[in-house]
1. Report the Cα-based extents of region 97-228 along its three principal axes, largest first, to the nearest Å.
2. What is the local net charge at N166, summed over the other residues whose Cβ is closer than 9 Å to its Cβ (Lys, Arg +1; Asp, Glu -1)?
3. Once you put a point 7 Å from the Cα of R51 and another 7 Å from the Cα of R157, both along the Cβ direction, what distance in nm separates them?
4. Quick one: which of 30-43, 174-187 comes out on top by average Cβ neighbours within 10 Å, and what's the full order, highest first?
5. Place a +1 charge on the Cβ of each Lys and Arg in region 97-228 and a -1 charge on the Cβ of each Asp and Glu, then give the dipole magnitude about the Cα centre in debye, rounded to the nearest 20.
6. So for the pair H43, K200, with labels modelled 7 Å out along Cα→Cβ, what separation do we get in nm?
7. Quick one: Karplus J couplings for region 42-49, per residue in order, coefficients 6.51, -1.76, 1.60, θ = phi - 60°, nearest Hz, x for Gly and Pro?
8. What does a probe at R34 reach in region 165-185, counting residues whose amide N is under 19 Å from the point 7 Å along Cα→Cβ?
Amino acid sequence: MAHDGAFESWQDDRPWDEYRWEAFLREQDELTERYMQLEELYHGLPDADERIAREMGWDLPAALDDASLSDGAAECDACDDEAIEEAACEDDARQDGACDYERDPLWRRAQDVAVELHRFLDVPSDGAVSPAVPELLGQSAMIAAKIAGGRSMGYSRDALGGNIANHKRAMGHALVTLSALDEAERAGAVPKPAASRFRKELLGLRERLMGRIVELRQLFLSGRFSEE
């Protein structure tokens with residue numbers, strides 16, 4: 001199956017596979033990165049919003065009227081509906097396991113490793129920090145975040161591919177974390193015994209993530225999608 005035209009058919013009614021989801025997520029990453037660059041460039045200017053909108057290709061109303069303010073209020077009212085949905089999430093999770101990522105042993109293990117790394121590398125603000133440390137801490141935290149993102153998407157026809165794509169992103173962060181750990185060890189920021197212990201944990205996470213991805217792919221290919 002060719003995936004080079006991932007952007008050409010967002011609207012067809014076939015379930016998105018992991019590759020189409022990855023293309024979509026990359027596009028969102030690029031837009032987010034572009035927005036952050038513009039936000040930094042125009043920060044503090046009185047017409048910052050207009051400049052950013054113009055360069056992002058957004059339509060920005062010339063002025064806010066009472067109707068737009070009412071729309072904002074309506075959006076706030078919608079927050080109550082979202083809160084109700086979140087409260088119902090635990091019930092849904094018992095049916096399809098999509099919302100209860102905190103009960104996922106793989107998420108818990110990834111979260112524990114990230115917390116252990118943060119505690120081990122808790123350096124006073126005036127202390128010297130190897131450049132590898134922020135990368136190590138940031139990447140390790142993203143492993144659990146992407147697992148949670150995948151689990152929260154669920155196992156429905158339209159979401160399972162995104163679930164797989166997020167777990168693959170978690171795998172990517174695990175690999176970058178391993179590289180950052182190697183660099184931190186070489187820089188002396190992490191002693192060899194501790195580095196060996198964390199490396200074993202991360203390699204275990206990598207293997208479990210690979211197993212999870214294989215399981216999700218098999219589920220996708222089987223066509224046994226949940227209703228949620």
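Read-outs: derived from the displayed coordinates by stated rules, not from any lab. Quantities reported herein were computed from a predicted structural model and do not represent experimental measurements. Glycine gets a Cβ as well: all are built from the backbone with ideal geometry, and neighbour counts include every protein chain shown.
1. On the principal axes, region 97-228 reaches 52, 24, 20 Å in Cα extent.
2. With Lys, Arg at +1 and Asp, Glu at -1, the neighbours total +4.
3. 4.7
4. On the way: 30-43: 11.8, 174-187: 19.1.
Highest mean packing first, the order is 174-187, 30-43.
5. It comes to approximately 440 debye.
6. 4.3
7. 9, 4, x, 7, x, 9, 4, 4
8. Answer for this model: none.
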